[in-house]
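The values are calculated or read from the model by the stated rules, or taken from the named source; none is laboratory data. If you're wondering where the values come from, they're calculated on a predicted model, not measured in any experiment. With ideal geometry, Cβ positions are generated from the backbone for all residues, glycine too; neighbour counts draw on all protein chains shown. Surface accessibility is based on the protein's heavy atoms, side chains included, excluding ligands, DNA and RNA. Shrake-Rupley method; radii C 1.70, N 1.55, O 1.52, S 1.80 Å.
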Amino acid sequence: RNEKKVLNDAHKQIKYKLDGPPSKVRVQKPEEKVFVMLQCAIGQIYLEDTTLRQEMSHMVEYAGRMIGACEQYSIDGSGHGQVALESLLLGRSLATSLWGANDGVLNQFAGVGQKTVARLTMAGIKNFADVVTKSSNQIEQACGRRSPFGQELRTAVQKVLDNTLSLSAHIEGLQNPNEPTMLVCRVDELAEHSSG
């Protein structure tokens, strides 16, 4: 079926691979399909098949719910902080379509796809700081896009930088086994940051 070819092609592009020699791995089981499709969602890998894209959208929604439940249980029920942290990170990856803080941050913006990011990366433009230090013209030349793409990207990045938040967390009550433990999270708005 065409679906299996699309999934096997997608498997070659995802971050984490199924076990086995790369030339012999085939996506066949439902759990393997989910494994590949959720990574396609996070890694922003476009699937040609419309039905698979719709399925992927539903999988992301359900996975987000399950991860949220896992996170909540690990905080309330088991008190297992590491599971809560990993659940939080995976949930964030699903919500933002990014694996980590430094992984394809420019993909977040409308009109910036995989090809554009690859070209920008080759030109040394990998993150927000790189975008604001380059001129609009340098950005457009690096990725082969026309004006006003460079200025629009610079403006979008500057809006993000002007509205940056800091999240910190710690667990209270670990010193005394008779006290309940509590995960304390704090969100602070960072001072406005300008780039000349």
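The HN-Hα couplings worked out from phi for region 160-165 by the Karplus form 6.51 cos²θ - 1.76 cosθ + 1.60 (θ = phi - 60°) are 5, 5, 6, 10, 8, 10 Hz, whole numbers, x standing for Gly and Pro.
Listed by chain and number, the lysines placed with their C-alpha closer than 27 angstrom to that of K24 are K4, K5, K12, K15, K33; residues fewer than eight positions away on the same chain are left out. Which loop chymotrypsin sites (Phe, Trp or Tyr not before Pro) in region 1-99, with loop taken from DSSP, have no more than 14 other Cβ atoms within 10 angstrom of their Cβ? Loop-located and lightly packed - Y16, Y46. Heavy atoms of the protein chains alone define the surface here; on that basis region 81-179 has 62 Å² accessible area per residue at 1.4 Å probe size. Taking the Cα centre of region 55-174 as reference, the dipole from Cβ charges on Lys and Arg (+1) and Asp and Glu (-1) amounts to some 720 debye. Think of the chain as having a plus end and a minus end, set by charges on the Cβ of Lys, Arg, Asp and Glu; of T164, Q141, S87, Q141 sits farthest toward the positive end of this dipole. In the chain, helical runs assigned H by DSSP with n ≥ 4 each contribute -39500 (n - 2.57); averaged across all residues and rounded to the nearest 500, the mean residue ellipticity at 222 nm is -17000 deg cm²/dmol.
Put simply, the chain fits an ellipsoid with semi-axes of 32, 29, 13 Å; these come from the alpha carbon gyration tensor as the roots of five times its eigenvalues, largest first.
Using a probe of 1.4 Å, the accessible surface attributed to S23 totals some 90 Å² when neighbouring protein chains are kept in position.
Among the GluC sites (Glu not before Pro) within region 1-58, those in coil by DSSP and having at most 16 neighbouring Cβ atoms inside 10 Å are E48.
Ranking of S168, S74 by solvent-accessible surface, largest first: S168, S74 (1.4 Å probe, protein heavy atoms only, all chains present). Give, as a single signed number, the net charge of other residues whose beta carbon lies under 11 Å from the beta carbon of P180, with Lys and Arg counted +1 and Asp and Glu -1. Net local charge, P180 excluded: -3. When +1 charges are put on Lys and Arg Cβ atoms and -1 charges on Asp and Glu Cβ atoms, the dipole computed for region 45-110 relative to its Cα centre reaches about 120 debye. How would you classify region 11-59 from its alpha-carbon gyration tensor, with a ≥ b ≥ c the square roots of the eigenvalues: rounded for a/c under 1.5, else prolate if a/b is greater than b/c, otherwise oblate? It is prolate, given that a/c is not under 1.5 and a/b is the larger ratio. Taking one quarter of the surface of the convex hull spanned by the alpha-carbon atoms of region 1-99 gives a direction-averaged projected area of 6.7 nm².
Counting only Cβ charges, +1 for Lys and Arg and -1 for Asp and Glu, the dipole size of region 105-172 around its Cα centre is about 380 debye. Along the axis of the charge dipole computed for the chain (Cβ charges of +1 for Lys and Arg, -1 for Asp and Glu, origin at the Cα centre), the listed residues S74, G64, G111 are led at the positive end by G111. Take every pair of alpha-carbon atoms less than 8 Å apart whose residues are at least six positions apart; their mean separation over the length of the chain yields a relative contact order of 12 percent.
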